[in-house]
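Have a look at the structure below before the remarks.
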Amino acid sequence: MADDRPSTPTLIGDALRQATGLVSAELQLARLEATEKLTLVVVSLVSLIVAAIFIIVALVFLLTGLVGLLAHLLKWADWQASLLVGGVVAVIALIAVVLAALNLSAARLKPKRTIKQVQKAGEIVRSGR
């Protein structure tokens with residue numbers, strides 16, 4: 001009676017082919033998903049840039065109106081009201097720049113959880129568990 005079961009080398013070869021196919025399919029899926037996400041990011045960034053341009057134009061008109069209002073209410077010259085409004089806007093901008101710089105520091109951007117997880121995985125592989 002002949003044994004119809006595949007040999008061990010055949011089973012190992014099949015398993016390796018299936019694993020390779022699975023990894024290949026996963027990489028292809030990841031590539032496709034990354035492309036979709038990148039497209040979404042680009043479209044969103046373009047929208048944000050357009051919105052930022054309109055916000056800047058609106059702020060110019062609003063601040064010009066504020067200068068005129070202050071000059072009228074306080075009986076100041078336009079240049080005095082412009083200095084006051086410009087100074088306040090400059091302080092607000094400086095605060096925003098400092099906060100952004102603090103948030104973009106290398107320590108804050110370091111992927112701590114990912115590094116920890118990779119280190120754990122490395123320890124597991126090294127220990128043979």
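Give the shape of region 35-102 as rounded, prolate or oblate, defined through the alpha-carbon gyration tensor: a ≥ b ≥ c are the square roots of its eigenvalues, a/c under 1.5 means rounded, and otherwise the shape is prolate if a/b is larger than b/c and oblate if not. Write down the numbers at each step before the final one.
Numbers: a/c = 6.43, a/b = 2.23, b/c = 2.89.
Cα axes put region 35-102 in the oblate bin.
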- Quick one: putting +1 on the C-beta of Lys and Arg, -1 on the C-beta of Asp and Glu, what dipole do you get for the chain around its Cα centre, in Debye to the nearest 20? 600
- Gap in Å between the Cα centre of region 40-103 and the Cα centre of region 1-35? 60
- From Cα coordinates alone, what are the radius of gyration and Dmax values for the chain in angstrom? 30.8, 112
- Message: Test of the criteria: in region 15-85, which trypsin sites (Lys or Arg not before Pro) are in a DSSP loop and have at most 12 other Cβ atoms within 10 angstrom of their Cβ?
- Response: 75
- Furthest towards positive pole of dipole, 34, 59, 16, structure part region 1-102, Cβ charges: 59
- What is the spin-label model distance, in nm, from residue 34 to residue 53 if the labels are put 7 Å beyond Cα along the C-beta direction? 3.1
- Item | Theoretical FRET efficiency, 1/(1+(r/R0)^6), r = Cβ-Cβ of residue 93 and residue 61, R0 22 Å, to 0.05 | 0.80
- Task: Compute the length gained on full extension between residue 72 and residue 112: take 0.36 nm times their separation in residues and subtract their Cα-Cα distance, giving the result in nm to one decimal.
- Result: 8.9 nm
- Query: In the chain, which helices (entire DSSP H runs) extend 24 Å or more along their own long axis, judged by Cα positions, while averaging at least 1.6 on the Kyte-Doolittle scale?
  - Reply: 78-103
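A short reminder: the numbers here are calculations on the coordinates, not readings from a lab. The model shown is predicted, which means the values in this text are computed figures rather than measured ones. Please note: Cβ atoms are built from the backbone with ideal geometry, for glycine as well, and neighbour counts cover all protein chains shown.
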